[in-house]
Structure formats: C-alpha cells, structure tokens
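The values are calculated or read from the model by the stated rules, or taken from the named source; none is laboratory data. This is a predicted model, so every value here is computed, not measured. Virtual Cβ from ideal backbone geometry, glycine too; neighbours counted across all protein chains shown. Quick note on the areas: whole protein, heavy atoms, side chains included, nothing else; ligands and nucleic acids left out. Shrake-Rupley method; radii C 1.70, N 1.55, O 1.52, S 1.80 Å.
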Amino acid sequence: MRKAFVAIAALALLAGACSSSEEKAQGSADVLRLGIFPNLTHAPGYIALEEDLFEETMPGVDVQVTYFNSGSDAGAAILSGSIDATYIGPGPATALYLQSDGGVAIVSGVTSGGASFVVRRGAGISSSEDLIGKKIAVPGFGNTQDVALRTWLHEQGLEANDAGGEVDVLEVDNPELLGLFEAGHLDGAWEPEPYPSLLLDAGVADLFVNEADLWPDGEFTTTVLLVNTTFMDAQPELVEGLVEANVMAIEEVEADPASAKAAAQAGLIEAGAPSLDQAVVDEAWSKLTFTFDPVAPSLAQGAANAYALGFLEEQPTDLSALFRLDVLNKVLGDLQLPVIEVAV
C-alpha cells in the first residue's frame with residue numbers, strides 16, 4: 001500500500017543526487033510552474049487562470065500549467081523541481097512534507113468539503129457487508145479519498161483487497177468514472193466533486209456516504225495550495241502573487257458565484273474533465289466551502305489515519321511547520337480580512 005509514496009520518495013532522492021536539482025527547484029522569477037487536477041475542489045485555481053488573476057498579481061510572469069490526476073504524480077513533480085507549486089489534497093501534501101524533511105509547505109487553504117462515497121445503482125449495495133467482492137474506485141492509492149475510504153472500511157470491519165481484505169479498491173482517473181459506471185465495470189467510488197454529483201445526476205449511482213457526516217461540523221480539508229520550499233525561499237514575490245491570486249479567486253466565489261462557476265467549468269473542460277450541466281455544477285458547488293483556512297485539525301487526523309493504514313512510515317506528531325501562512329496572512333491583512341491561525 002506504500003507504493004505511491006515510496007515512489008515519490010525515490011524520485012525525490014534521485015533528484016537530490018543531481019547537482020542541478022537545487023537550481024531547478026529554485027525556479028525562475030519570470031515563470032511559475034503550477035500543478036492542478038481536473039476537480040471542482042480545485043476551482044479557485046481555475047478561476048485565477050480563467051480570470052487572469054495571476055497576470056494581475058504577477059505581471060509579466062508566465063504561468064505554465066500542468067494537469068495531474070493523482071497526488072503521487074504531482075508530488076513527484078514538485079519534489080523534483082519540475083513544478084513550483086500545486087493544488088493538491090491534504091493526504092499527499094502531508095506525506096510529501098514528511099518524506100522530504102520539510103521540502104514542501106502549505107501556503108494557503110483552498111477548499112473544505114466536497115467528497116462522497118457513491119455506489120452504482122443496481123449493484124445491490126445497501127449496507128457495508130454488500131461491499132464484499134465489489135470494485136470501488138479512488139483517484140489514487142494513498143490519496144486523501146483513498147485514506148478516507150480505507151479508514152471507513154476498517155471501521156466497518158472490512159479491508160481493501162491489497163491489505164488482505166474483501167473489497168477491491170482501484171485507482172481510476174476521475175474523468176473516466178462515468179463511462180465505467182455506465183458499463184458496470186465499477187460498483188462504487190469515493191471521490192471529490194464534481195464526480196459524485198455527476199454520477200448521481202446521470203442516474204447511475206446513489207449516495208452511500210457523505211464524508212461531511214464523518215467530520216465535526218462537516219469541516220474537512222480537501223484541497224490545499226502547496227509549494228516547494230526551495231522555490232518559496234528563492235522566489236518570495238512569486239509565492240506572494242500565487243497566494244494573492246488564490247485569495248482573490250476565493251473572494252470572487254463570494255462576490256460573483258455565477259462568474260466563478262463559469263470560470264471553474266471552463267478550466268475543468270480544458271483540463272480534460274467532462275462538460276457538466278449547470279444543475280450538476282450547482283449541486284456540486286453547494287457541497288464545497290472555498291476557504292483560505294487549511295482546516296489543520298482534519299489534516300492532522302487524516303495523517304494519523306494514513307499512518308494507521310501503513311501509508312506513512314513515521315507517525316506524524318508535529319505538523320505545525322508544514323503550514324507557512326505568513327504570506328497568506330500578509331495578503332489577508334492588506335485586504336483587511338481575518339488572518340488564519342493554525343492549531344494542529
């Protein structure tokens with residue numbers, strides 16, 4: 001089960017052995033290399049791209065976007081210096097931080113909520129016992145939703161098949177889910193938005209577990225903004241511009257939700273996600289809270305869950321240094337918005 005994160009660590013070590021890796025990770029003052037996934041939980045990034053907010057906060061800087069479907073791929077890229085920053089789930093962010101000895105840092109929260117476990121209509125699943133022998137999709141092994149699924153299965157007395165259990169857990173790229181559900185090749189999926197809402201709207205799935213019901217007050221982080229710390233120290237102006245654009249995008253969600261939804265949808269289509277009916281976007285949007293707050297307690301609990309499952313080789317005890325929010329709080333202060341205090 002540790003394959004995904006072991007691969008990240010191996011790539012990081014290989015990069016560290018190269019004399020040019022440090023220089024590569026420092027990046028350039030003229031370029032920001034940004035990773036993002038085809039998920040609505042990454043909407044602020046798409047809003048910033050579509051509304052030219054990066055051009056506003058970093059005039060003359062070339063923002064180069066790379067699309068990823070898994071945290072392991074994005075993590076390998078950020079540790080090797082191939083990208084400078086990425087929107088990413090809290091699970092991979094924590095694993096990268098621990099395995100790189102502080103080589104990455106969370107500079108802002110992005111999204112809270114918006115993940116669910118849906119099951120294929122007609123698959124005969126009405127209780128946890130019905131999951132035995134079924135095929136359940138996650139975006140990637142060891143990612144945030146995979147850890148959530150496996151933790152929930154364990155609480156039900158079940159385990160994934162690669163851990164000697166009874167439930168077949170599979171890695172599936174999110175844009176492929178609808179076709180696989182329609183063909184009957186999957187029996188369920190624990191996924192971020194918009195995919196649960198898309199499957200429900202298409203009539204091929206039913207809601208089985210709303211992850212919000214598993215967290216205090218329904219608050220749990222699903223996306224954070226992560227940077228390579230070598231890049232952060234070498235290019236502080238670009239990191240400030242990145243964070244400021246993210247804040248502006250989240251502010252736009254509040255000020256003009258219709259425009260924000262349209263921008264996010266356009267960006268998702270460019271990233272390879274399916275075009276969504278407005279009703280699907282609206283339903284998915286209602287499950288999301290876009291916030292600068294990284295909801296640190298849920299991240300810490302997710303890390304503890306990942307360790308219990310064997311995805312982390314060391315038990316996370318103090319994650320406070322993972323959060324470097326000075327730039328965020330400077331931006332928030334300049335905008336006369338409340339600053340974020342992290343309690344892990």
Among the residues listed as Ser116, Ser108, the single one being under 22 Å from His185 (Cβ atoms) and either open to solvent by less than 30 Å² (accessible area, probe 1.4 Å) or assigned to a helix (DSSP H, G or I) (or both) | Ser116
Residue that is in contact with a helix residue (DSSP H, G or I) (Cβ under 6 Å, 6 or more places away or on another chain), open to solvent by less than 60 Å² (accessible area, probe 1.4 Å) and part of a helix (DSSP H, G or I), where the choices are Gly272, Gly302 | Gly302
Residues (more than 15 Å from Arg33 (Cβ to Cβ) and open to solvent by 10 Å² or more (accessible area, probe 1.4 Å)) located in the range 231-252 | Asp233, Pro236, Glu237, Glu240, Glu244, Met248, Glu251, Glu252
Answer yes or no as to whether Leu98 is crowded, with 20+ Cβ neighbours inside 10 Å and modelled with pLDDT of 95 or more.
-> no
Enumerate the helices (runs of 4 or more DSSP H) found wholly within the range 121-216, keeping only those where 3 or more residues are open to solvent by 40 Å² or more (accessible area, probe 1.4 Å) and free of Cβ contacts under 8 Å to residues at least 12 places away in the same chain.
-> none
Output yes when any residue across the range 283-294 is within 30 Å of Glu23 (Cα to Cα), assigned to a helix (DSSP H, G or I) and in contact with a helix residue (DSSP H, G or I) (Cβ under 9 Å, 6 or more places away or on another chain), and no when none is.
-> no
Within the range 27-93, strands (runs of 3 or more DSSP E) holding 1 or more residues that are open to solvent by less than 10 Å² (accessible area, probe 1.4 Å) and in contact (Cβ under 8 Å) with a residue 12 or more places away in the chain = 31-36, 85-88
